[in-house]
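Structure first, commentary second.
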Amino acid sequence: MKIKSTFTNKLLVIMVGFGVFIGIIFPFFVKLVLNLASEQVLTFKFFSMCIIAGLLVGGFNFFVFKSIFYDFLESVSTKLTAFREKLDSARREEAIECNDDECLITVKSDDPIVGNITNSFNDFIKTIQNSMKAEMITTRFLEELKQRLSVKDIADVVLDSFIAYFGGDGGCIISYDKGTFSLLKTKHAQVDFEMVDQDELYRVMEKKECMRYENLQNNPVKLNIVLGELVPDSIAFIPLRYQDQKIGVAILLAKNEFARSFSGLESKNFIQQATPFLYNSNLIRRLEELAAMDELTGSLNRRFGMKRLQEEFSRAQRFSTSFSLCLIDIDHFKTINDTFGHQAGDEVLRSVTTQMQGDLRSSDFIVRYGGEEFLLVLPGASLADSYEIMERMRRRIEAFQLQFGSYSINFTISSGICSFPSKNITEPSDMIRAADITMYKAKNSGRNRIMTTEE
């Protein structure tokens, strides 16, 4: 917006012309109102003085306009031009920075109308600036989400974007899957997950509305700062849902107030942008888990199990740590199948897997290697540790009795254990071969036995 010279010229002509007009008619007005003689007022001298006075008044009015109102309009024009340049720059550089001196007008008048115009102009500029920032955050947010597939990577992007958008200082994302809450991602936050009220989390998801709290007592989520923990003044629970599916809850923390409202349409739309990505990443994770699992026993199938074994072997080599591999075989499994049928054999396979899982850590995993053969991988376990674990499993399985129809079926296992690092072990297949030889030694020694490669 720029005030053109034609506008000011026209205004000058109108103001001065109106002053001259008043100067011309003023003598007649005086004669009429004061009832003076014509030779006293309708003279060249009086006409001249009235016209000059009109010129002076018109000129003075134009000067007042130029020095007060025109300067104000010129300031508005300058600020709008500066802001427009900032917008053009933002579209090219995807960043908008406009401080108060550059883009906002300082109120210099006590006049309510001028003050109202100034405040409205400043609010308008701030609104556009905030909308641009929100649009840029959303654009970057969506672009980053498109490049992520894993749940944790997407949760990382979502949490960072939520903190930036709402002006928080930290937070976490708690996922909800199959009726269970689990801590998925944290940033600048210390979470005492056992103290989190999971009923409250579920109510937030059911209510479908963001919940804000201030000075929350016994808050289990705190800001993680360099020197320790800091209780946030403001905390927000954001339900994460996709259509009718519950995905989880995002918890944001702020030292003071949040920069944005959580109830506005723009904020709700921003939150809803994230939920499809989180939902789809969960589906991908479930499909990957299904693809990796043996359908009958729930253990890893051979293809994915060998991949995990290679990863553990490479990790142990890289960090010079130990890990053990146990090859397990069900004794007389063919006899069980021939005597009780293949359905009974399937139940035995499931029972063995279930019994083995009772002694496992979260890092351990079972692989169905063959028909009745399993691999048990124990990262970080020495040969002695693995022997103790396998011996407990052997005793538990020996004591277990499977009820199949009217039959009670007892069964046992034999296992060979190999640990890394060990002589002549350079790759996973060497470990499997050594464990296989050791397992057959256990079988030939009477079955229902655990043996190591050192025996």
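The values are calculated or read from the model by the stated rules, or taken from the named source; none is laboratory data. Everything numeric here is computed off the predicted structure, so don't read it as measured data. Every residue, glycine as well, gets a Cβ built from its backbone with ideal geometry; the counts of neighbours run over all protein chains shown.
Quick notes
For (1) touching a helix residue (DSSP H, G or I) at 6+ places or on another chain (Cβ under 6 Å); (2) small (Gly, Ala, Ser); (3) over 22 Å from Ser263 (Cα atoms), each residue gets a yes or a no:
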{"position": "Tyr165", "(1), (2), (3)": "yes, no, no"}
{"position": "Gly168", "(1), (2), (3)": "no, yes, no"}
{"position": "Cys172", "(1), (2), (3)": "no, no, no"}
{"position": "Lys178", "(1), (2), (3)": "no, no, yes"}
{"position": "Val191", "(1), (2), (3)": "no, no, yes"}
{"position": "Val196", "(1), (2), (3)": "no, no, yes"}
{"position": "Leu201", "(1), (2), (3)": "no, no, no"}
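- Matching entry among Ile409, Ile366, Ile389, Ile413 (being aliphatic (A, V, I, L, M) and buried (at least 23 other Cβ atoms within 10 Å of the Cβ)): Ile413
- Filtered residue count, segment 276-303, keeping only those that are more than 27 Å from the chain's Cα centre (by Cα) and touching a residue at least 24 places away in the same chain (Cβ under 8 Å): 8
- Filter result (of a type in the set (D, E, K, R), assigned to a helix (DSSP H, G or I) and touching a Lys or Arg at 6+ places or on another chain (Cβ under 8 Å)) within segment 296-351: Arg302
Conditions (1) modelled with pLDDT of 80 or more; (2) among the basic types (Lys, Arg); (3) in the same structural domain as Phe258 (by TED's automatic domain parsing), marked per residue:
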residue: Thr127; (1), (2), (3): no, no, no
residue: Thr138; (1), (2), (3): no, no, no
residue: Asp160; (1), (2), (3): yes, no, yes
residue: Asp192; (1), (2), (3): yes, no, yes
residue: Asp197; (1), (2), (3): yes, no, yes
residue: Val204; (1), (2), (3): yes, no, yes
residue: Gln217; (1), (2), (3): no, no, yes
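- Single residue of Gly341, Gly358 found to be under 44 Å from the mean Cα position of the chain (by Cα) and small (Gly, Ala, Ser): Gly358
- Remark: pairs (first residue in segment 309-320, assigned by TED's automatic domain parsing to the domain that holds Phe365; second residue assigned to a helix (DSSP H, G or I); Cβ separation under 9 Å; 6+ apart in sequence or on different chains) = Leu309/Pro428; Leu309/Met431; Leu309/Ile432; Gln310/Pro428; Glu312/Pro428; Phe313/Pro428; Phe313/Met431.
- Residues that are in contact (Cβ under 8 Å) with a residue 12 or more places away in the chain and out of contact with any Lys or Arg (no Cβ under 9 Å at 6 or more places or on another chain), drawn from segment 198-217: Gln198, Glu200, Leu201, Val204, Lys207, Glu209, Arg212, Tyr213, Glu214, Asn215, Leu216
- Every residue from segment 178-190 that is of a type outside the set (Ser, Thr, Tyr) and either modelled with pLDDT of 85 or more or closer than 18 Å to Asp156 by Cβ (or both): Phe181, Leu183, Leu184, Lys185, Lys187, His188, Ala189, Gln190
- Qualifying residue in segment 389-412 (condition: closer than 19 Å to Asp436 by Cβ, of a type in the set (Phe, Trp, Tyr) and either part of a helix (DSSP H, G or I) or in the same structural domain as Leu327 (by TED's automatic domain parsing) (or both)): no
- Residue satisfying condition, being within 18 Å of the chain's Cα centre (by Cα) and surrounded by fewer than 16 Cβ atoms within 10 Å (Cβ to Cβ), within set Gln243, Gln272: Gln272
- Boolean, Tyr369 is among the aromatic types (Phe, Trp, Tyr) and free of Cβ contacts under 8 Å to residues at least 40 places away in the same chain: no
- Restricting attention to segment 277-295 and to residues that are assigned to a helix (DSSP H, G or I) and touching a strand residue (DSSP E or B) at 6+ places or on another chain (Cβ under 8 Å), the residue that is surrounded by the most Cβ atoms within 10 Å (Cβ to Cβ) turns out to be Leu278.
- Of residues in segment 416-434 being assigned to a helix (DSSP H, G or I) and aliphatic (A, V, I, L, M), the one surrounded by the fewest Cβ atoms within 10 Å (Cβ to Cβ): Ile432
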